[in-house]
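One structure below.
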Amino acid sequence: MLSLDQLNMFVVAAEAGSFSAAGRALNKGQSAVSLGIANLEADLGVELFDRTTRKPSLTRAGQRLITFARAVLSQVDDLDAAAHSICKGDETRVRIVIDDAILLPSLSRLLVEFGQKFPATQVEFFSAVSPEIPEFVAQGHAEIGLMFSSGAVQKGIEQVFIGNLPFVSVSRPDYPLAALETIGASDLLPHRQLLLRSPSGSVLDQFPSLSTEIWTAASFHNIRELVIQGVGWAYLPEHLVGHALASGQLAKLKLRFEHKHWSPPVECITHKNVSMGPALSWLSDMAKNILS
């Protein structure tokens, strides 16, 4: 029966270019490597190396099977890392609930790093409108929440201000508002504004209604696509529309009453009574820097 040791000899010999070099890399004699690979070939029923040349080279079968051998060894390494992580006390699961406007590239990079540092910890990712996020955390449905601040103190919740997220007002370049040199509040009234609203009716207080005609959607991503299609205008996270602005799909609106980008405050929240293990503590601390 083939063994992991034999698979490792196979891979190292192919990469090192000879059985003797593989022996040196593995701290084994050349004869032990040759025997191990010969036994692997017998178990698999195929010849992995062509030994007719001065240095053994992979046969076609060897070239095909080495990919699988590397995958098996990689899975064993992952298994070992996960077991080690569990032995250290890392949590098996961390749940995050986030307002989708805050799904920044910096957060995505952070989650990649988290997966590398805590291979045994599964991440469950939920999206919700900010006013509903404290309830998610308070009821134990998530350990970490990232949301726009409501300014209110939430009972049982640890709230940490982590920065401000810039928004810009945008429309399609051929939308009537985009043709105006400057736009006052009264100019906005007849033009359809797209606002965020959850299916349960939750809205963000920081996003005022400035039009007599309001349409709503459940995510900023949906609103962006509707604005690109010319349905109306909206305030959207700057990071979410950067590519569309650069490519000419969207245009910034020149609002007279805005001297700087409107940037609502963002909070990272956790439950005060939840004990944090290594994975949750690390993720909670690092999440507070995504707007730095």
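The values are calculated or read from the model by the stated rules, or taken from the named source; none is laboratory data. This structure is a prediction, so every number in the text was calculated from the model and none was measured. Cβ atoms come from the backbone with ideal geometry, glycine included; neighbour counts cover every protein chain shown. These accessible areas exclude ligands, DNA and RNA; they are computed on the full protein's heavy atoms, side chains included. Shrake-Rupley method; radii C 1.70, N 1.55, O 1.52, S 1.80 Å.
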Would you confirm, using the coordinates I've provided, whether Gly29 is open to solvent by 30 Å² or more (accessible area, probe 1.4 Å) and in the same structural domain as His271 (by the TED database)? no
Return the total of residues in region 111-128 being β-branched (Val, Ile, Thr) and open to solvent by 40 Å² or more (accessible area, probe 1.4 Å). 2
Being open to solvent by 70 Å² or more (accessible area, probe 1.4 Å) and free of Cβ contacts under 8 Å to residues at least 24 places away in the same chain: is that true of Leu35 here? yes
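Residue-wise test of (1) open to solvent by less than 50 Å² (accessible area, probe 1.4 Å); (2) of a type in the set (A, V, I, L, M, F, W, C); (3) not assigned by the TED database to the domain that holds Ser209.
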| site | (1), (2), (3) |
| --- | --- |
| Ser130 | yes, no, yes |
| Leu146 | yes, yes, yes |
| Ile157 | yes, yes, yes |
| Ala179 | no, yes, no |
| Leu194 | yes, yes, no |
What's the number of the condition Pro134 fails, among (1) assigned by the TED database to the domain that holds Asp100; (2) buried (at least 19 other Cβ atoms within 10 Å of the Cβ); (3) within 21 Å of the chain's Cα centre (by Cα); (4) modelled with pLDDT of 90 or more? (3)
Members of region 232-243 that are in a helix (DSSP H, G or I) and not charged (D, E, K, R): His239, Leu240, Val241, Gly242, His243
Applying the selection to region 212-231, what residues are assigned to a loop (DSSP other than H, G, I, E, B), buried (at least 16 other Cβ atoms within 10 Å of the Cβ) and at pLDDT 90 or above? Val231
Taking Leu104 as the residue in question, decide whether it is touching a His at 6+ places or on another chain (Cβ under 7 Å), crowded, with 17+ Cβ neighbours inside 10 Å and among the hydrophobic types (A, V, I, L, M, F, W, C). yes
For region 60-174, please list each of the helices (runs of 4 or more DSSP H) lying entirely inside it that holds at least 3 residues being under 22 Å from Ile223 (Cβ atoms). 105-117
Would you say Val160 is at pLDDT 90 or above, under 20 Å from the mean Cα position of the chain (by Cα) and of a type outside the set (Asp, Glu)? no
Name the residue that is nearest to Glu113 (Cα to Cα), counting only residues in region 241-292 that are open to solvent by 20 Å² or more (accessible area, probe 1.4 Å) and among the aliphatic types (A, V, I, L, M). Met286
Does region 239-248 include one or more residues that are farther than 24 Å from Gly151 by Cα and assigned by the TED database to the domain that holds Ser150? no
